[in-house]
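Asker: Sending over a structure as structure tokens; questions will come in a sec.
The values are calculated or read from the model by the stated rules, or taken from the named source; none is laboratory data. This one's a predicted model, so the numbers in the text were calculated from it and none came from an experiment. Positions of Cβ are backbone-derived with ideal geometry, glycine not excepted, and every protein chain shown enters the neighbour counts. Note: areas computed on protein heavy atoms with side chains; ligands, DNA, RNA excluded. Shrake-Rupley method; radii C 1.70, N 1.55, O 1.52, S 1.80 Å.
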Amino acid sequence: LHPVQTAFLENDGFQCGYCTPGQICAAVALLDEVQNGSVSYVTSDLNNPPTLTSLSESEIKERMSGNLCRCGAYNGIVAAVQQTIEQTPVAEIENSQGG
Ligand code: FES
């Protein structure tokens, strides 16, 4: 499994699973965007974008906000993204994304 998929399983990042493929794709894209220095709507300093290690919960929520979860599994989804960042070496994240 991709580290994001494992984190979703370990953090109850889904209930019915209807939104899960999109949430996981969004989470993987989030990791890629942050590594590329992209800013979000809630980034306070546009000249100093967050890194994976400095990514706040509000940044994760904003960057994941394009996908709705009718089951309200948002707490688990945010926890899964946080766990992926905390437990996965950056090189492994980069390799899992093909870059
Ligand atoms: S897990 Fe059911 S819609 Fe998200």
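Asker: To the nearest whole percent, what portion of all C-alpha pairs in the chain is separated by more than 17 angstrom?
Answerer: Values: 2223 of 4851 pairs.
Cα-Cα pairs of the chain separated by over 17 Å account for 46 percent.
Asker: Using Cα springs under 10 Å in a Gaussian network model of the chain, which residue among GLU86, GLU33, GLU59 shows the largest mean-square fluctuation?
Answerer: Result for the chain, Cα springs under 10 Å: GLU86 fluctuates most.
Asker: Filter the trypsin sites (Lys or Arg not before Pro) in the range 38-99 to those in DSSP coil with at most 10 other Cβ atoms within 10 Å of their Cβ, and list the result. Each step should come with its number before you reach the end.
Answerer: On the way: sites: LYS61, ARG63, ARG70; in loops: ARG70.
Filter output for the range 38-99: ARG70.
Asker: Additional query: Give me log10 I(q)/I(0) at q = 0.22, 0.30 Å⁻¹ for the range 1-55, Debye formula, one equal scatterer per alpha-carbon, no solvent.
Answerer: Normalising to I(0) and taking log10 leaves -0.86, -1.14.
Asker: So, for the range 3-96, what is the accessible surface per residue at a probe of 1.4 Å, expressed in square angstrom?
Answerer: Solvent-accessible surface per residue comes out at 58 Å².
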